Each structure stands twice: as C-alpha cells, then as structure tokens.
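> Before anything else, here's the structure in question.
The values are calculated or read from the model by the stated rules, or taken from the named source; none is laboratory data. Just so we're clear, the structure is a prediction, and the values are computed from it rather than from any experiment. Quick reminder, even Gly has a Cβ in these numbers, built from the backbone with ideal geometry, and neighbours come from all protein chains shown. Calculation scope for accessible area: heavy atoms of the full protein, side chains included, ligands and nucleic acids excluded. Shrake-Rupley method; radii C 1.70, N 1.55, O 1.52, S 1.80 Å.
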Amino acid sequence: MSAIAQRFGSGQSVRRIEDPALVAGKGQFTDDVTLPNQTWMSVQRSPYPHARIVAIDTSAARALPGVVAVYTGDDLVKAGVKPLSSQPVFPGPGGAKAPQTPRHALAVGEARFVGEAVVAVIATSPDAARAGRDAVIVDYEELPNVTHLDDATAAGAPKVWADAADNYAAQMRHGNAEACAAAFAKAAHVVTLDLVNQRLAPTSLEPRSVLGSYENGRVTLRLSSQMPGGVRDTLCNEAFGWPTDKLRVLVGDVGGGFGMKTGAYPEDILVAHGAHTLQRPVKWISERSEEFLASSHGRDIRSHVEMALDADGRVLGLRTQTLANVGAYATTTGVIIQLLIGPWVTTSIYDIQTIDLTLSAVLTNTTPLGAYRGAGRPEAIFIIERLMDTAARQIGMDPAELRRRNMIRPEQMPYTNPMGQVYDSGKFESVQTQALALADWAGFDARAAASRQAGKLRGRGLASFLEWTGGNVFEERVTVNVSGDGFIEVFSATQAMGQGIATSYAQLVVDVFGVPIEKVRIVQGDTDRGVGFGSAGSRSIFVGGSAIQVASQRTVEKAQGLAAEALETSPRDIEYREGVFRVAGTDRQIGLFELAAKQAEHQVFVDSTSAVQAPSWPNACHICEVEIDPDTGVVQVASYASVNDVGRAINPTIVIGQLDGGAVQGLGQALCEQVVYERESGQLQTGTLMDYALPRVDLIQRFNTQLDQSTPCLTNPLGVKGVGELGTIGATPAVVNAVVDALQRAGAGARADQLQMPLTSERVWSALHGRTA
C-alpha cells in the first residue's frame, strides 16, 4: 500500500469530504434550485379515510390570480397517465389470485386514506397554489373505513378494495408445518408471545421535494431520492409510457432517506406531468404534515409467536402467525418486506431448521406501507430476540448462555438457513463474548444494587443477531474518468443521502490509484450519466464500493496499456505507483494525468459493470441497561454497548456513526415513536412533530461501540458487510428486553411480557403497578 493510501485509503478515519459544503450552507438540495418561469404545486388531500368522490368543482380555483393549471384524477386519466401497478409477486389467501390495488397519482372514484392526493393546483407562487388548492370544492360520500388490523380482518368488515376478500392483499407460508408440529409435541418448554411492531413514520430531516422542467422534448426531474434510476423507470414505464431517454432524473444533496425515498410517489408523477404539459418548471415541496399523511410508513405488524425448546434449552422449532398492515395500496415493496425479506432472517444467528411461518398482508384505510430502515429485518429480529429472553427466564437460564447454546458455529459455514439463505461467514459466539466483556455483563448485580439505592429499577437486555444486505440486486455500473486537468471523476448510480458514502468511495479510489484524495471527485444522482439500483438495503459500500474498486482497477489496467504505447515498451514492463507509470528498471516514466492529457479526448475513460456474488451478513451483539423511575415510569438508557462484525470498515468513524445513528432510531421505536390512527374516524392523530414523539438527544448519554473486523465477508472483493441498518435492528430488542427485565425483577410478571412498544412512561408505570394503560 502506498504512503498516500495508508493516510487516505480504506481503513482510515478520513474526515468526510462532503461536510465542508454542507456545514457552510453550500449544499444543493432540491428546494435550493429555482428555475426561470417556475411555478409551484399544492395538493388537496382527502380528509376522509374512505370516501366516494361524487364531484369536484375547480371553477373557483381556476379563476384565481396566478393559477395556471388544476388537475383531478379524471383529468390525468384522460391525458393517458396510468396508475402505479399493484404488487404482482405474491398470491392471495389459499393461493388465490391477489387483488389488484392500482394507485393513481390523483384519486379516481374513491379516496382510500386520509391524505390521499385528490386535486393538484399549479400556480405562479406558493401562496397562489395554496389558495387555489383551498378553493377547490370536492363533494364526498363518506364510506365505512377500517384502520386497525382487528377491524379489517373481522367477519363482514368494510372492504378497502371490492375484490380483496376479507381485506387480504397477499399471503405466504414458509417452512414445514408438519415437522414443526412434531417438534412442539416433543418439546420440554414452549414459549408463547403476542408481539406488535408498531407503525412508524421515517421522518427524514429534508421532506420529499420535486422540481420538474421541460426542454427540447425532455422532462428533467430534480428530486430527493435514494433511487433516481428506479423513479425514472417507474414514471416512464408505468405512468407515462415514455421511452426512458425522455426523462432525466437529477438528485443533489439528500437530507436523509431511511427507505422512505426509495420509490416513485404520486407527486413525482404530478410534477412531471405538469412540467411536460405546461412546458415550464413546476416545484413541489412537501410540508411536514404531508410527510406524516402521505409518505410511506414502516413496520406495522402483529405476530403470535411460539418457540419450542428441549430440556437443555436448544430450540426445536419456531412458529409464527403475522398480520402486516400494508395500508390502502399493496405495493410490491410494502408486501415483499413483510412476506419474504423479514422471514429470510427469522432464525437469525441460531441453528434452527424447523419453522412454520404464516404471513398475511392486510389492506386498511391508512397510508401505504413501504421501506423503513431495516425493512422487515428489525421486525423478525425483534421476534426471535424477545423469544430468547422470555425462554431464558422461563427455563431459568442466563439469556446469554441460552443464545450461545443455539448459535451457528464457524465450522458450519457456509450455512443454509431454513429460508434457503446462505451465510458465508460469521463468528457469532465470539462477537457475543466480546460484547459481554465490553458491557461488563458480570458486574450487573452491583450496578442494579446502586440503582435500587437511588430509588430506580435497573434492567439489562441483550440482542445477538444478524441481517441480510444487498437489496437483492448485486450488480452495479461505475464510470471512471481520469482527466488531463489532474482529477479522477467517478460516477456511481448509488445515491448519497447523508451517510458519508462519497468519502468512503473516494478512499477506495485512493487505494487503487494512490493519488491524494483531493484529486478524486465522486459524482452521483444523474440518470443521463448512468442508471443502477440506487441505495437501499445497506448495499452502497457492499455492492457499489466493490464496483468502484473493480472499475478503478480496470482503469489502471487500461492506462497501463496506453502508458506502454507512450513509453514504447510492453505493458508487462510497466509498473504503476502513486500516479506514475514507470518502465521497470529504468528512469523512464509518465504521470497518470499527463498520460490522460495526451489522449485524443484528454482523458482515460472506463465504463465498468461488475457484481458481487451474494448478500452480506453483518452481525452484532448489542447490550443495553436501563433505569426506570418507579414513580413515573420514565425509562432512561443507562448504558449501551455493542460489538459489530462489519467485515472490513472502509472508514471506521463513518461506520460507527452509521451504527450509532441507526441505534437511535431503534431506541425511538422501542420507547417513543408510533403512528396512531383514531379507530372510529380513521383520522391520523400523530400528524405533527408535536404528536409524533421522535427520540431526543437526552435519551442516551453515549454509545460504547466497537467493530470486529476479524471475519471478512467472502462474497465481495472488499470483504465488507453492509452496516447502514445494523444499529437499528439490534437496538429495539435490546432496549425492550432491558425494560422487561427491570419490570420482571420488580415483580411485574406476565404484565411485563405483555407490554407492547412504544414503552412510554404511562405503559411502563401501568405494567409496574398493575393497571391498564
């Protein structure tokens, strides 16, 4: 490794190259761009969870000063704009054909959730657009609604869609029911829990934002997105029937995504349609209330789970029955997360081969479900880790020891789990042993005694787990341009959204080229430059980073041949080091950038596509201790320690930041966050940041986070394992297990096991004092 790579290459905690512009206010988010002759769009949304649209009167709006266009669902249908398709992957109950739930950009015929877009108004100013929106009169006939799973699946329940039998959108069963029943029949211990993973709002700092423009027969969309290529393809192939070269998608800085910005939304279609029809720019910036109402939500499953164990605590079988509330429209993403991706990790790091999983996607009159950090894996890991702690308590065994007895051993690798997923590597017992030492597991009793002395209850919780990463798309395209002006520009179709990916990519380029990191420019977010899957499923470094390394190596190889021509020798005689090609054993040489300047295009350009072999399986052990005030039920995270097998860390500081930031979101689910719909009216009760409780900085004092880099991933050339969601997945069960442990030690008994998230002070106090929250 060169001296430059040792300082700025992979493995080093290089300061983020993105930050100077961002902290100086020089970043460019979608709303920072204003175009000549620009208009603004505002959307009138349904105030009802379910209603027939009887009539829409737009005349008053059209007459207002500044209003240039008003669109209804019928207008879009007449213009040939098609709806986004329903999920085509999974069958309905009993193998029947799944109901179709096509989603129009503006509701046609019926509105199916509070916040569904019904009318779009475009005007010459934001105020004029809002005035026009408010002037539209929509006549609704209110219909019966269902927002809760119990109501939606009850006999004779109102239907969200006429052809959805009992409101089931899809159903899957995994495993072997007969073998599982036999395992339970011979079990010495059976543990049963009813668990809820509540609905969450991703709540990125930057709301969804779209700016469309039209020039020379093409539409350009600037938007805040994790998947520019996916948005382009969805709009062209599904909504408009355009050739893909008619739409260019640009993404600048993104203020957080968390999975919520992975696909196309109705507003993207509306802005593109407006820009195309009016042939002038149209901008839409979501208001925070619209984010809660209309941006996709996450989680929202209810599970009845059982685990069978023998007398020694070894798991014999796992059985789950899960209902997933996918909202008013069954999208492919919303359904696949709960019916397939979550089940992939259901058995986690444990050697469990006998499973029986039944999962049903249920339609309700709520905002459609989508990806949220972890996407199915947090729900599945929460289930198995809650079962492990409950089983240990029931058997009378240390929860760490019960986990250890059931862990997959290194010599079993590669290991195929009962869902057919293959783990390439992992030393799960070693990771847990390190975490127990880091958290001083053995010293808990002394800390608990000190907490009692201070009038507090103390509990500890453990989560040992893994996750699947890669987004199930393992190929990525990268272009590398070594220019004669002294810079290496690398384009990737993955997408930065605050995670420091440009810095990590630049470090990988430094590894190969050995040039100062200041000479490297990372470019993303332009479908004219290249199209790929984007960033989701913790795939950016794992897939995108591997592709950058391969593309950089191919560029050096190509340049080596060009250097041989320039130096009139064989490529075999050319050596490359730190930006210079030399003829071995001589002083003849040419610099990389000098070589680029000599080319006809004044550059050395490589367009490279490469793939990794399979998913990566990062894993970790997270240990949390909490203190509870018995008088108020307030929970304070007293300590949080984790050891995380990340394979190889390209930038340790960025990796730890991802782990800790993810853990905060996991704490939020455990302790405070929940989307709530009023059961009778179907109205969203958590539509502002005054009502939706995000985790605050005082929730935890500090994380004690360590990386284990002793077990590289074997499915990619970097040896890395995706870490963007690992912290979120482990934090939720670790914190909940800690709270339940504290309550059990205080004598709460079954009330503690029945406690559901979020563990608010009211719920914790009620469980402690035998009341109903």
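> Taking the Cα-to-Cβ direction at residue 523 and at residue 89 and moving 7 Å from each Cα, how far apart do the two end points lie in nm?
About 3.3 nm separates the two model spin labels.
> Now, a different point. Expressed as a whole percentage, what fraction of the accessible surface of the chain belongs to carbon and sulfur atoms when a 1.4 Å probe is rolled over the protein heavy atoms?
Carbon plus sulfur share of accessible area: 49 percent.
> Now, a different point. Along the charge dipole of the chain, which of 264, 295, 638 sits closest to the positive end, that is, farthest toward it, with unit charges on the beta carbon of Lys, Arg, Asp and Glu (+1, +1, -1, -1)?
Towards the positive end, the residue furthest out is 638.
> May I have the extent of the alpha carbons of the range 215-297 along their three principal axes, as whole Å values ordered from largest to smallest?
Taking the Cα atoms of the range 215-297, the three principal extents are 35, 23, 22 Å.
> Additional query: Explain nothing, just the number: relative contact order of the chain, from Cα pairs under 8 Å at least 6 residues apart, as a whole percent.
15
> Mind checking the dipole of the range 97-236: about its Cα centre, +1 per Lys or Arg Cβ, -1 per Asp or Glu Cβ, Debye to the nearest 20?
580
> Still on this structure, please answer the following. Over the range 467-600, calculate the relative contact order: mean separation of alpha carbon pairs under 8 Å at least 6 apart, over the residue count, as a percent.
29
> Using Cα positions and a limit of under 18 Å, work out the aspartates and glutamates in reach of residue 246, with same-chain residues fewer than 8 apart set aside.
215, 233, 238, 268, 526, 528
> Viscosity 0.890 mPa s, temperature 25 °C: give me the Stokes-Einstein translational D for the chain in µm²/s, with Rh taken as the Kirkwood radius over C-alpha pairs.
My calculation gives 89 µm²/s for D.
> Turning to a different aspect of this structure: Roughly how many nanometres apart are two label points built 7 Å out from the Cα toward the Cβ at residue 602 and residue 179?
6.5
> What FRET efficiency, computed as 1/(1 + (r/R0)^6) with R0 = 45 Å and r the Cβ-Cβ distance, is obtained for residue 289 and residue 438, rounded to the nearest 0.05?
Efficiency at R0 = 45 Å is approximately 0.60.
> Out of 147, 321, 530, whose Cα points farthest toward the positive end of the dipole of the chain (charges: +1 Lys, Arg; -1 Asp, Glu; placed on Cβ)?
Working it through, the farthest residue towards the positive pole turns out to be 321.
> Straight-line reach from residue 456: which aspartates and glutamates have a Cα under 14 Å away, not including same-chain ones fewer than 8 places off?
Within the straight-line limit of under 14 Å, residue 456 reaches these aspartates and glutamates: 445, 625, 627, 629, 631, 741.
> On to the next question. Determine the per residue accessible area of the chain with all protein chains present and a 1.4 angstrom probe, expressed in square angstrom.
37
> Tell me, what is the FRET efficiency for residue 404 and residue 769 to the nearest 0.05, using R0 = 35 angstrom and their Cβ-Cβ distance as r?
With a Förster radius of 35 Å, E is 0.50.
> Placing unit charges on C-beta atoms (Lys and Arg positive, Asp and Glu negative, everything else neutral), compute the dipole magnitude of the range 168-261 about its Cα centre in debye, rounded to 20.
60
> Moving on. Using the per-residue mean of other Cβ atoms lying within 10 Å as a proxy for protection, in what order, highest first, do the peptides 572-584, 294-306 fall?
294-306, 572-584
> Take every Cα pair under 8 Å in the range 328-375 that's 6+ residues apart, average their separations, divide by the length, and report that relative contact order as a whole percent.
Across the range 328-375, relative contact order equals 69 percent.
> Roughly speaking, what is the stretch gain from residue 142 to residue 689, that is 0.36 nm per residue apart minus the C-alpha to C-alpha distance, in nm to one decimal?
Once the chain is fully extended between residue 142 and residue 689, it gains 194.1 nm.
> Sticking with this structure for a sec: When the dipole is taken about the Cα centre of the chain, and only Lys, Arg (+1) and Asp, Glu (-1) are charged at their Cβ, what size is it in debye, to the nearest 20?
320
> With the dipole of the chain worked out from charges on the C-beta (+1 for Lys and Arg, -1 for Asp and Glu) around the Cα centre, which of 70, 197, 92 lies farthest toward the positive end?
In the chain, that residue is 197.
> Tell me the mean residue ellipticity at 222 nm calculated for the chain from its helices only (DSSP H runs of n ≥ 4, each -39500 (n - 2.57), averaged over every residue, nearest 500).
Result for the chain, helices only: -8500 deg cm²/dmol.
> Order of 504-512, 693-701 by packing, highest average Cβ count within 10 Å first?
Packing proxy ranking, top to bottom: 504-512, 693-701.
> Roughly what % of DSSP beta bridges within the range 456-526 run antiparallel, to the nearest 5?
Counting DSSP beta bridges with both partners in the range 456-526, the antiparallel share is about 55 percent.
> Moving on to the next point. Order the peptides 653-660, 678-685 from the highest to the lowest mean number of other Cβ atoms within 10 Å of their residues.
Final packing ranking: 653-660, 678-685.
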